Amino acid sequence: MKKFFVPGALILCIAISVVMWILKPIPHGHRYDLAFQLSLVLALIWLLCKVPLEWISKRGLLLAVLVVGLGWGAFNIIGIDPRSEIVGAYRSVFEAVDSGRNPYTSGTIFHRGEDGAPVYGNFNYPPAEIYPYYLAYKICGRWDSAVLTGVMLFLNGLCCLILLAMFKTVRTGCLAAFFPLFLAGEIKTNPSLTFLVTALLLWLMVKDWRKPAGGRFFLIAVLFGVGLTTKFLIMPLMAAYYWHAFNPWKPRSLVRIAGGGAIALATAALLMAPFGVGAVLKNTILFNLVLKDRAVLTTFYPNVLSGPLAGLGLGAIYPIAALAVVGLAVLAAPRLDLFPAMLTASFAFLLAAPTPEPQFLPIIIYMALAWRCLEMEQRGPCLLRLRKPERPAG
């Protein structure tokens, strides 16, 4: 029965998104197709996690992935809007920083309301999302969609290199087929720093699986702390990672969980401190949980949980429902292997998010691919097309 729970939940989410798309029950709702796209792609990622390991290196599947990635990437590049909201938002953030104002309290940050008209408020991304783009702005001496896209392609490229370093025994072609998805699968919004932090975390976790080392506990905790100040996907990953270590028969496991969590939270607090921890939390986490407040500055794209609740006039209970859905997924972590636990938490997070977030799908695919490669490594080279070892000299 348990093995049907995840596919059943995904089928239900697809059905809910289709019904919403047809009925359009929310007067101020837009782009109902996004919830359907998100649910459908998550179902396909689940299939990637379940296909026989032998299929992962089959040329037909890899060619299909390559073609889809190239098409998806080309579509995204062609569709870049030089006047997009994110370009204007960052420009106003840089102006605020250069003038000595706090972008989380200035009220001068550019947004677009539901009617497309400019609306000004506070910055609603976590603070680490400022630094790489601000650095590029200073280096280039200008800010536009080309600079933004260049930064994201660079960060996404680093993730591809990390994947190669993570699985040195896997043939490059098997991994490279996914690179177009990772490079340009999402370049209209800005998930690339979250992507990079996730890739580094997975790399450290894989290294720790192969050969445990005490120092990695601290590095992983610090990196989670940095990730908490990028976009929000790191939050369920961190919760699942630490709770996965919980053992009810070993109370000392709670000490390790608390220690790692404390290091991560302290790191995040240090990064938020220059902008004010309270101001950052108010304009990021709390802003996204309260649908009524969120709708003032951003367009509402109904998701499979937020949409029905908003349509039924129950938007006030959305924060409780969303936290419950993600919380239940995290609580299941000790019963799963580590990577499946983090994938389960990320699925729940994307489906419970206030709006569909297709921007994170390349990261989820990256995690799923890393898990399958790790599985094949555990099962042995008979299932994995390994790089040919170099012949000894002479």
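Throughout, read-outs are computed from the coordinates displayed, never taken from laboratory work. This is a predicted model, so every value here is computed, not measured. Note that we place each Cβ from the backbone using ideal geometry, even for glycine, and neighbour counts take in every protein chain shown.
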Worksheet entry | Hz values of 3J(HN,Hα) by residue in segment 101-110 - Karplus curve (6.51, -1.76, 1.60), Gly and Pro given as x | 9, 8, x, 8, 9, 6, x, 10, 7, 6
Worksheet, complete the sentence: Highest GNM mean-square fluctuation among PRO212, PRO362, PRO103, for the chain with Cα springs under 10 Å, belongs to PRO212
Response to the item:
For ARG112, the residues 5 or more places away or on another chain with a placed amide H closer than 5 Å to its own amide H are VAL119
Fill in: Relative contact order (%) - criterion: Cα under 8 Å, at least six apart; region: the chain
24 percent
Response to the item:
trypsin sites (Lys or Arg not before Pro) in segment 16-103 lying in a DSSP loop, each with at most 13 other Cβ atoms within 10 Å of its Cβ, come to ARG83
Practice prompt. For segment 2-379, give the magnitude of the charge dipole about the Cα centre (Cβ charges: +1 Lys/Arg, -1 Asp/Glu; no others), in debye to the nearest 20.
Written response: 1040 debye
Discussion item. With angles folded into 0 to 90 degrees, how steeply does helix 33-50 sit against the dominant principal axis of the chain? Use alpha carbons for both and round to 10.
Written reply: 10 degrees
Fill in: FRET efficiency estimate (nearest 0.05) - Cβ-Cβ, ASN76 to TYR120, R0 30 angstrom
0.60
Worksheet item: Each residue of segment 359-374 in order: what ³J(HN,Hα) in whole Hz does its phi give by Karplus 6.51 cos²θ - 1.76 cosθ + 1.60, θ = phi - 60°, with x for Gly and Pro?
Response: 4, 8, 4, x, 5, 5, 4, 4, 5, 5, 5, 4, 4, 5, 5, 5
Worksheet item: ARG31 label point, 7 Å along Cα→Cβ, cut-off 11 Å on backbone N: hits in segment 223-247?
Response: none
Worksheet item: Based on the mean of other beta carbon atoms within 10 Å per residue, what is the order of 226-237, 314-325, most packed first?
Response: 226-237, 314-325
Item to complete: For segment 236-250, take each phi angle, set θ = phi - 60°, evaluate the Karplus expression 6.51 cos²θ - 1.76 cosθ + 1.60, and give the result in whole Hz per residue in order, putting x for glycine and proline.
Response: x, 5, 5, 4, 5, 4, 6, 5, 4, 7, 5, 10, x, 8, 10
Response to the item:
Per-residue ellipticity at 222 nm attributable to helices in the chain (runs of n ≥ 4 DSSP H, -39500 (n - 2.57) apiece, nearest 500 deg cm²/dmol) works out to -20000 deg cm²/dmol
Discussion item. Taking 32 Å as the cut-off for C-alpha to C-alpha distance, list the pairs among LYS168/LYS231; LYS58/LYS231; LYS3/LYS207 that go past it.
Written reply: LYS58/LYS231
Response to the item:
Matching label for the computed Kirkwood radius over Cα pairs in Å, out of [x] 22.1; [y] 25.5; [z] 34.1, is [x]
Worksheet, complete the sentence: 1/(1 + (r/R0)^6) with r = Cβ-Cβ of VAL67 and LEU40, R0 = 25 Å, i.e. FRET efficiency to nearest 0.05, evaluates to 0.90
Worksheet, complete the sentence: Under 5 Å from the placed amide H of VAL170, counting only residues 5+ away or on other chains, we find ARG387
Item to complete: For the chain, find the longest principal axis of its Cα atoms and tell me its angle to the long axis of helix 253-272, 0 to 90°, nearest 10.
Response: 40 degrees
Worksheet item: How about segment 105-190: which trypsin sites (Lys or Arg not before Pro) there are in a DSSP loop, with at most 15 other Cβ atoms within 10 Å of their Cβ?
Response: ARG142, LYS168, ARG171
Item to complete: Grab the Cα-Cα distance for LEU135 and ARG83, subtract it from 0.36 nm times how many residues apart they are, and report the gain in nm with one decimal.
Response: 16.7 nm
Practice prompt. For LYS207 paired with ASP337, estimate the spin-label separation in nm (one decimal), with each label point 7 Å from Cα along the Cα-to-Cβ line.
Written response: 2.2 nm
Item to complete: Measure off 7 Å from each Cα along the Cα-to-Cβ vector at SER99 and ARG142, then give the distance between these two points in nanometres to one decimal.
Response: 2.3 nm
